[in-house]
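Inspection log for the structure reproduced underneath, given as structure tokens.
The values are calculated or read from the model by the stated rules, or taken from the named source; none is laboratory data. Just so we're clear, the structure is a prediction, and the values are computed from it rather than from any experiment. Positions of Cβ are backbone-derived with ideal geometry, glycine not excepted, and every protein chain shown enters the neighbour counts. In case anyone asks, the SASA skips ligands and DNA or RNA and just uses the protein heavy atoms, side chains included. Shrake-Rupley method; radii C 1.70, N 1.55, O 1.52, S 1.80 Å.
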Amino acid sequence: MRSQSRLTFYLLLTPLVLWLGLLIIIPHIDMLLISLRERISFGVYETSLVQYEKALTEPLYLRTFWRTAVMSVLATALTLLIAFPVAYYIAKMAKGRLQQVLFLLCLIPFYVSELVRTFGWMILLRETGLVSNLLQWVGLADRPVELLYTDATMMVGLVYTSMLFMVVPLVTTLESLDDSVIEAGYDLGGSGLSVLREIIIPHAMPGIVSGCIVVFMLSLGNYLTPTMLGGKDSLWFTEMIYNQFIVRSNWELGAAFGFMLLVLSSVIVWGMLWLTGRTLKETMG
């Protein structure tokens, strides 16, 4: 029986090991090795840190790198600010069928691909789109308004595409908060702000941290939304990675960019865990 259980365990573990090894570990090791070489001539390479030197000394690369990081953090913060009251209403105030309907409304946009959703925003915000026509109709604009290809439009797209991944962990965490605990906070003389600060937010912290991690990673690695809504001047780091790999066939520099993005995301995620005093195991439940 023990040998049969061990065999069953190994058989169940094999797909996970193959998935991690073939699709995550080996490609990342290969990307690191490619980033550590310099092309001398056709088919001839030397081990070098020149790709990272280029990435860290070229002003455009550095500006785009830090801009992507800052914009991703900002998108995460905005998503949290919008998603928290929505999640609280769904989890604690809406009851029965209304709760199910509201949660379904959060899911419906994800029934279609990100490409279709982004095209929808382009149709709404273009010069001849619904928003421009509405602004002219109410008298706030006297000519067609082009709302695409700005940082604000790109931020709207990033928040919209990530909203569900913040709402779901928040709803799950807030649903486990007993209503009697909130009522006790008010009975003891607490104001709405103090109850929020001392009871609700600490209880929801696992959902906040896990949601922020997922949204930040999605925003940092997003290629479609910044390119389509931000335009050619969006200056997003994933676009640079794409250009190095696909357009310029410079795999060495593209791999260095990719590894820099991986290190940045890891540092910010672990920094977030350290600031909140939580471990990755606690956050992911």
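Extension gain, S5 to L32, is 5.9 nm, computed as 0.36 nm per intervening residue step minus the present C-alpha separation. Per residue, the accessible area of the chain comes to 60 Å² when a 1.4 Å probe rolls over the protein heavy atoms.
Along each principal axis, taking the top coordinate minus the bottom one, the Cα set of the stretch 191-285 gives 58, 28, 18 Å in descending order. Label reach from V70 (point 7 Å along Cα→C-beta): in the stretch 212-226, no amide nitrogen lies under 12 Å.
What a 1.4 Å probe finds exposed on the chain is 69% carbon and sulfur by accessible area, rounded to a whole percent.
Largest GNM mean-square fluctuation across A255, A55, A141, computed for the chain with C-alpha springs under 10 Å, falls on A141. As a calculated quantity, the FRET efficiency between L130 and Q100 at R0 = 45 Å, using C-beta atoms, amounts to about 0.95. Kirkwood radius for the stretch 1-59, taken over all pairs of different Cα atoms as the inverse mean of 1/r, rounds to 14.8 Å. Under 5 Å from the amide H of Y45 lie the amide H atoms of I40, each residue being 5 or more positions distant or on a separate chain, with H modelled from the backbone and absent for Pro and chain starts. Largest to smallest in accessible area, the residues L56, L140 fall in the order L140, L56 (1.4 Å probe, all protein chains included).
Hydrodynamic analysis of the chain uses the Kirkwood radius over alpha carbon pairs. Inserted into Stokes-Einstein at 37 °C and 0.692 mPa s, it gives a translational diffusion coefficient of 147 µm²/s. The stretch between S266 and A152, if pulled fully straight at 0.36 nm per residue, gains 38.4 nm over its current Cα-Cα span.
For the stretch 138-229, the spread of Cα positions along the three principal axes, ordered from largest to smallest, is 56, 37, 16 Å.
Taking I29, I200 and ordering them by how much accessible surface each has at a 1.4 Å probe, largest first, produces I29, I200. Considering only P15, L218, L275, the residue lying farthest towards the positive end of the dipole of the chain is P15, judged by Cα position with unit charges set on Cβ. Each label was represented as a point 7 Å from its Cα along the Cα-to-Cβ direction; for I40 and S176 these points are 5.8 nm apart.
Based on alpha carbons, the Rg and Dmax found for the stretch 219-273 are 12.2, 37 Å.
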